[in-house]
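Okay, so here's the structure we're looking at.
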Amino acid sequence: MKKKIYVLLFAALVSAPLAQAQTKKKTKAKVKTEAVIQEPEMERQVVNYTVESGESTAEIFARTITAADLSKYLHVLASDEFEGRETGQKGQKLAAAYISNFFRENGLIGPVASNPGNTYYQKFNLEQATWKAAALKVGKKQFVYQKDFFLFGDAPEQPTQQLDLVFAGYGIDDKNYSDYRNLNVKGKTVIVLAGEPMDKAGNYLISKSKEASPWGADSRAKTRAATQKGAKNVLVIESSEANLQKSMEGLKHWLDSPMIAFPGKDRRNPTIFVSPEVGAALLNTSAKKLQAYQNKISESGKPVPSEFKLATGVELQTEKVRSPLPTENVLGFIEGTDKKDEVIVLTAHYDHIGMDPTKTGDQIFNGADDDGSGTSAIMEMAQAFMEAKKAGAGPRRSILFMAVTGEEKGLLGSEYYTSNPVFPLANTVANLNIDMIGRTDEKYAGNKNYIYVIGSDKLSSELHDINEIANHQYTKLELDYTYNDEKDPNKFYYRSDHYNFAKNNIPVIFYFNGVHEDYHKETDEVDKIMFDKMETITRLVFHTAWELANRDERIKMDSNKK
Ligand SMILES: [Zn+2]
């Protein structure tokens, strides 16, 4: 057991354990790394920190990161008062005020000179658009929105469009099964059948098993294939009336919620989901003949040319009400010492998905894990680095702590920041992003000692090594790289704010605990958070950031992995 002693702070300024670990690594992997030797810029002074013997400077301040502090912040961020922190809404504004006050109280600088009213806020306008009306006319027949069909996506520029239709069977474009052979879909609305055809034994034709391939499981594979071939959009005929109703019920809240995007962005044509009855009208056939066509495919095991004569005079009417939605990223800045022009950016999104007033019972999606946990971690690290700075051990490079808005609406806050950076992207050394670190997923049920690490080796092997060494030296978590695999179907690398930095050639690490049964549900509550686990992971991010900020050489970009 280590003994607790009091020493002068500067006695511990050479971070010996990290230096040791790096020397070891150096001989083993021939990675160029430097020991961190701090040049104190302030007068020699006695600081009342409890220092364990042999402790590095980084460790002294890592220990200020505690489960108790994290719990304090998260109990505020994930409280019902903050109403699920929906982008542009009252709860998000309350959270922004809370985070910026915290930055101010802890002595961080608000770096947004363009917003003199509050230099902690990077303000910008999004736009919200809600469906006002939609109708689908086939000849004289008029079909009703959210009864016979629904729309997924944005409303096109013109409120009334004539649809130029083409039928593409199941809309599958696979190596051994393609509905697109000799089919020109350029500029057209492609009609496809939902799902994946089965053979007579009940196996899916593409997956050749009882489980559907992505073609059958997710309509996005079909929209992607069609758009890649130049189609205007896709119309999906649901396999049954009941399935259409089930989809609409599940999506009700989403369909009625405004869509949020940057104003004036290209408006994508919506994907149209229709009942079999509407489908039959569009194909000028009957439900029975449509079924017979599907049976033929099952029997032959391959695409079958159809004899449907498609309806003409098909008109889609859409209208959305649009209004501006102001929101803000919250930025706190610690200026570095001798390398202050280079910046490390630590991010977590503080927005979540708000409330659902149509729900009975709990209507508030508190987003404790997603991503109140990451936001609390950012705040706690900001405080730890400020403590270090106040004690004369501030970072050599500058550190920007950014609580990001609009993540749940499509990584919008980080997109805005990287398009309008407060510090030049060329000087941005790395981005460490935290999104969900307070829970465990199914794979690690009962084991808190892990974290998924995503993206660390994609642009810089040094970044990867630094994180590995910091973990080896200080936190000893199992670093799980499952989701770092480009072939992993979850594609988490593209699904949080770090991706907007990576896109701009900035090395990133994404820290993530995986999804769980409360993900994006009203049950993502603060009382389920494991704060001791959060503490360890936050310390890992802190140590990695510390090394990035204090090493002699900026990390090198030496890889370009997918
Ligand atoms: Zn998230």
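The values are calculated or read from the model by the stated rules, or taken from the named source; none is laboratory data. Model, not experiment: these values are computed from the prediction. All Cβ positions, even for glycine, are placed from backbone atoms using ideal geometry, and neighbour counts span all protein chains on display. Heavy atoms of the whole protein, side chains included, go into the accessibility calculation; ligands, DNA and RNA do not. Shrake-Rupley method; radii C 1.70, N 1.55, O 1.52, S 1.80 Å.
Values computed for the structure shown
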| quantity | calculated |
| --- | --- |
| Of residues in the stretch 368-410 being on the phi > 0 side of the Ramachandran plot and out of contact with any Ser or Thr (no Cβ under 7 Å at 6 or more places or on another chain), the one nearest to the ligand (Cβ to nearest atom) | G410 |
| Any hit, the stretch 414-428, residues being open to solvent by 20 Å² or more (accessible area, probe 1.4 Å), within 16 Å of the ligand (Cβ to nearest atom) and in contact with a Phe, Trp or Tyr (Cβ under 7 Å, 6 or more places away or on another chain) | no |
| Qualifying residue in the stretch 209-229 (condition: of a type in the set (V, I, T), surrounded by fewer than 20 Cβ atoms within 10 Å (Cβ to Cβ) and farther than 17 Å from S239 by Cβ) | yes |
| Any pair with Cβ under 8 angstrom, 6 or more apart, that starts in the stretch 76-98 at a residue that is over 12 Å from G367 (Cβ atoms) and ends at one that is charged (D, E, K, R) and surrounded by fewer than 18 Cβ atoms within 10 Å (Cβ to Cβ) | L94/E81 |
| Count of the stretch 349-367 residues which are polar (S, T, N, Q) and within 16 Å of the ligand (Cβ to nearest atom) | 1 |
| Wholly within the stretch 135-206, strands (runs of 3 or more DSSP E) carrying at least 1 residues that are free of Cβ contacts under 8 Å to residues at least 40 places away in the same chain, open to solvent by 20 Å² or more (accessible area, probe 1.4 Å) and in the same structural domain as S219 (by TED's automatic domain parsing) | 141-144 |
| Exclusive hit being under 17 Å from the mean Cα position of the chain (by Cα), buried (at least 18 other Cβ atoms within 10 Å of the Cβ) and of a type in the set (K, R), set R439, R551 | R439 |
| Hits in the stretch 436-457 (condition: on the phi > 0 side of the Ramachandran plot and at pLDDT 95 or above) | M436, G455 |
| Per-region count, the stretch 396-410, residues open to solvent by 20 Å² or more (accessible area, probe 1.4 Å) and either touching an Asp or Glu at 6+ places or on another chain (Cβ under 9 Å) or not assigned by TED's automatic domain parsing to the domain that holds A382 (or both) | 3 |
| Criterion: surrounded by fewer than 19 Cβ atoms within 10 Å (Cβ to Cβ) and part of a loop (DSSP other than H, G, I, E, B) - qualifying residue of D518, D457, D532 | D518 |
| The lone exception for V508 - which of (1) free of Cβ contacts under 8 Å to residues at least 12 places away in the same chain; (2) within 16 Å of the ligand (Cβ to nearest atom); (3) not basic (K, R) it fails | (1) |
| Among the candidates E319, E328, E315, residue that is charged (D, E, K, R), surrounded by 19 or more Cβ atoms within 10 Å (Cβ to Cβ) and part of a strand (DSSP E or B) | E328 |
| Residue check for D173: at pLDDT 95 or above and in contact with a Ser or Thr (Cβ under 9 Å, 6 or more places away or on another chain) | no |
| Tally, over the stretch 355-379, of residues that are touching a Phe, Trp or Tyr at 6+ places or on another chain (Cβ under 8 Å) and surrounded by fewer than 24 Cβ atoms within 10 Å (Cβ to Cβ) | 2 |
| Pair list, Cβ < 8 Å and 6+ apart or interchain, from the stretch 369-381 residues that are over 18 Å from S398 (Cα atoms) and in the same structural domain as I399 (by TED's automatic domain parsing) to residues that are near the ligand (Cβ under 8 Å from one of its atoms) and in a helix (DSSP H, G or I) | D371/E407 |
| Those residues of the stretch 250-274 which are closer than 22 Å to A194 by Cα, of a type outside the set (G, A, S) and open to solvent by 30 Å² or more (accessible area, probe 1.4 Å), in sequence order | L251, K252, W254, R268, N269 |
| Residues within the stretch 460-500 that are small (G, A, S), under 29 Å from E55 (Cβ atoms) and assigned to a loop (DSSP other than H, G, I, E, B), tallied | 1 |
| Selection count where residues are over 24 Å from E535 (Cβ atoms) and within 16 Å of the ligand (Cβ to nearest atom), scope the stretch 445-496 | 5 |
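Conditions (1) of a type in the set (G, A, S); (2) modelled with pLDDT of 50 or more; (3) assigned to a loop (DSSP other than H, G, I, E, B); (4) closer than 30 Å to P258 by Cα, marked per residue:
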| residue | (1), (2), (3), (4) |
| --- | --- |
| I5 | no, no, no, no |
| Q20 | no, no, no, no |
| T23 | no, no, no, no |
| V31 | no, no, yes, no |
| A35 | yes, no, yes, no |
| Q45 | no, no, yes, no |
| I99 | no, yes, no, yes |
| R104 | no, yes, no, no |
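Yes/no per residue for (1) in the same structural domain as Y73 (by TED's automatic domain parsing); (2) touching a Leu at 6+ places or on another chain (Cβ under 8 Å); (3) of a type in the set (S, T, N, Q); (4) without any contact (Cβ under 8 Å) to a residue 40 or more places away in the chain:
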| site | (1), (2), (3), (4) |
| --- | --- |
| N467 | yes, yes, yes, no |
| K476 | yes, no, no, yes |
| N484 | yes, no, yes, yes |
| E522 | yes, no, no, no |
| T536 | yes, yes, yes, no |
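Okay, residues lined up against (1) modelled with pLDDT under 95; (2) within 16 Å of the ligand (Cβ to nearest atom):
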| site | (1), (2) |
| --- | --- |
| E299 | yes, no |
| P305 | yes, no |
| F308 | no, no |
| G313 | yes, no |
| K340 | no, no |
| V343 | no, no |
| L346 | no, yes |
